[in-house]
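The values are calculated or read from the model by the stated rules, or taken from the named source; none is laboratory data. Keep in mind that this is a model prediction, so the values were computed, not measured. Cβ sites come from the backbone with ideal geometry, for glycine too, and all protein chains shown count toward neighbours.
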Amino acid sequence: MNESMALEDKYLLPTYEKFPFVLDRGEGCWVWDENGDKYLDLYGGHAVAAIGHSPAEVTAAISKQAAKLLFYSNLVYNRARAEAAKALVDFCGEAGSQVFFCNSGAEANENAMRIARSVTGRAMVVVAEGGFHGRTAAAIAATGLKYRKGLAGLGADIVHVPFGDLDAAEAALEGAAAFLLEPIQSVQGATTATISYLQGLEALCRKSGALLIFDEVQTGLGRVGAPSARHAFGARPHMQTFAKALASGVPAGAVLVSPEAAAKVKPGELGSTFGGGPLACVAISATIKAIVDKKLTENAAKMESLIRSTFKFPQITEIRGRGLLLGLVLDRPSKAVRDALLAKKILVGGADDKSVIRLLPPLTVGPAEIGLLRGALAEIFAAESVAA
Ligand SMILES: Cc1ncc(COP(=O)(O)O)c(C=O)c1O
């Protein structure tokens, strides 16, 4: 075994299943291991590297900021924080929306639930089965997947209803503070809500006085071929949560709050030492600027069309998702095909739905890289039929 792998295995808790190589550097859609071998990264560091790996815009911005002021808390004003919040509101929010910065997706969801509870004065949060919202207490209680196992004591004030079922949502929303939902359930397998479900949920929330929260940790910031799922599905949530791509890999999370809900948040209710720190904030501004300037949202939509029109394999029974958050559903478990792609030095993701290959590439991905994946799948499927 390689020395770096042995060191990690010795000193870190064995909580993750890892790709069997040691990553050294990355650029655009490509990463290199310690031996200098090059991999096409269509997993994007789990949807983080939206503008590519180690993008020059972000590395320059954080180097400059680090030399100027590495950190000060939220007790002082800071230009970098102001500009990052404006960039997020301008790109994903609406006039009058306001931002709370934190450090991760789980924290963003915790804070969104907290805001909903204090704004409505109610306790219950309704979530959809199959969603993934993070690993901290309320976020894991809201997560409707296997990850909640063994945590029975948590989440007395969270109720799970079937994804897509408006009647169940209506019954559960009676007296509830919020409905928290991933519009595309990525970890589950890119299971995608219908527009009528999302718009129906919005209407039910407004009727019952609950707040609608979209977990946009994966769907946000251009990935779905629109600035966010709110834009892609035409539904207006009271809050959206962001992380992953937000600062291109510098830890950052955010709750984007609509004007009507923001007006009811009281001073002192929320807080975070590191959230909104200057380093993350310059990375957020540089990331959003690159997504807008390079028209990466439009590219995500174009690459989705290319994949849908050219991945015509009998082994792929369905393509779920939107933009560059896609699930290729196979007619068998996806593991062997993912392993065969890895042998060809192409990284893709799995999902809780074992038949799914998840694609979450940088939004800078182009026809050449999509063609490499298509060609690799063609070879793998052809070899299987020879073997069969
Ligand atoms: C949709 C969604 N929400 C929340 C989270 C949690 O984010 P984090 O790991 O930054 O806490 C994830 C992480 O994969 C996610 O996919």
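Of the residues ALA280, ALA286, only one is small (Gly, Ala, Ser), more than 26 Å from GLY371 (Cα to Cα) and within 16 Å of the ligand (Cβ to nearest atom); which?
Details: ALA286 fails: within 16 Å of the ligand (Cβ to nearest atom).
Every option except ALA280 fails the conditions.
Test each condition in (1) in a loop (DSSP other than H, G, I, E, B); (2) touching a residue at least 24 places away in the same chain (Cβ under 8 Å) for PRO267 and report the one that comes out false. Just one mismatch for PRO267, condition (2). Of all residues in the range 96-139, those satisfying the criterion of being among the hydroxyl-bearing types (Ser, Thr, Tyr) and away from the ligand (no atom under 13 Å from the Cβ) are SER97, SER118, THR120.
I'd like the full set of residues that are outside any loop (DSSP other than H, G, I, E, B), within 20 Å of GLU110 (Cβ to Cβ) and either more than 16 Å from the ligand (Cβ to nearest atom) or out of contact with any Leu (no Cβ under 9 Å at 6 or more places or on another chain) (or both), limited to the range 140-171. Give the derivation first.
As a first pass, look at the range 140-171 and keep what is outside any loop (DSSP other than H, G, I, E, B): 140-142, 146-148, 158-161, 166-171.
Now restrict to residues that are within 20 Å of GLU110 (Cβ to Cβ): 140-142, 147-148, 158-160.
Hits for the range 140-171 are TYR147, VAL159, HIS160.
Pick from ALA252, ALA235, ALA210, ALA229: which is more than 16 Å from the ligand (Cβ to nearest atom), modelled with pLDDT of 95 or more, not assigned by TED's automatic domain parsing to the domain that holds LEU359 and not basic (Lys, Arg)? Reasoning before the result, please.
Values: ALA252 fails: more than 16 Å from the ligand (Cβ to nearest atom); ALA235 fails: modelled with pLDDT of 95 or more; ALA229 fails: more than 16 Å from the ligand (Cβ to nearest atom).
None of the other options fit; the residue is ALA210.
Screening the range 55-77 for residues that are without any contact (Cβ under 8 Å) to a residue 40 or more places away in the chain and of a type in the set (Ser, Thr, Tyr) and picking the one that is surrounded by the most Cβ atoms within 10 Å (Cβ to Cβ) gives THR59. Considering (1) touching a helix residue (DSSP H, G or I) at 6+ places or on another chain (Cβ under 6 Å); (2) within 24 Å of PRO278 (Cα to Cα); (3) in a helix (DSSP H, G or I); (4) not basic (Lys, Arg), the lone condition that GLY96 does not fulfil carries the number (3).
Could you say which residue among LEU296, LEU270, LEU325, LEU306 is within 16 Å of the ligand (Cβ to nearest atom) and touching a helix residue (DSSP H, G or I) at 6+ places or on another chain (Cβ under 8 Å)? Lay out the reasoning, then the answer.
Details: LEU296 fails: within 16 Å of the ligand (Cβ to nearest atom); LEU270 fails: within 16 Å of the ligand (Cβ to nearest atom); LEU306 fails: within 16 Å of the ligand (Cβ to nearest atom).
Being within 16 Å of the ligand (Cβ to nearest atom) and touching a helix residue (DSSP H, G or I) at 6+ places or on another chain (Cβ under 8 Å) holds for just one of LEU296, LEU270, LEU325, LEU306, which is LEU325.
For the range 105-144, how many residues meet the condition of being under 15 Å from LEU270 (Cα atoms), of a type in the set (Ser, Thr, Tyr) and within 20 Å of the chain's Cα centre (by Cα)? Counting residues in the range 105-144 that are under 15 Å from LEU270 (Cα atoms), of a type in the set (Ser, Thr, Tyr) and within 20 Å of the chain's Cα centre (by Cα) gives 0. Would you say VAL126 is in a strand (DSSP E or B) and not aromatic (Phe, Trp, Tyr)? So VAL126 fits the description; yes. Take GLY268 and tell me if it is crowded, with 21+ Cβ neighbours inside 10 Å and in the same structural domain as GLU202 (by TED's automatic domain parsing). Answer is no for this residue.
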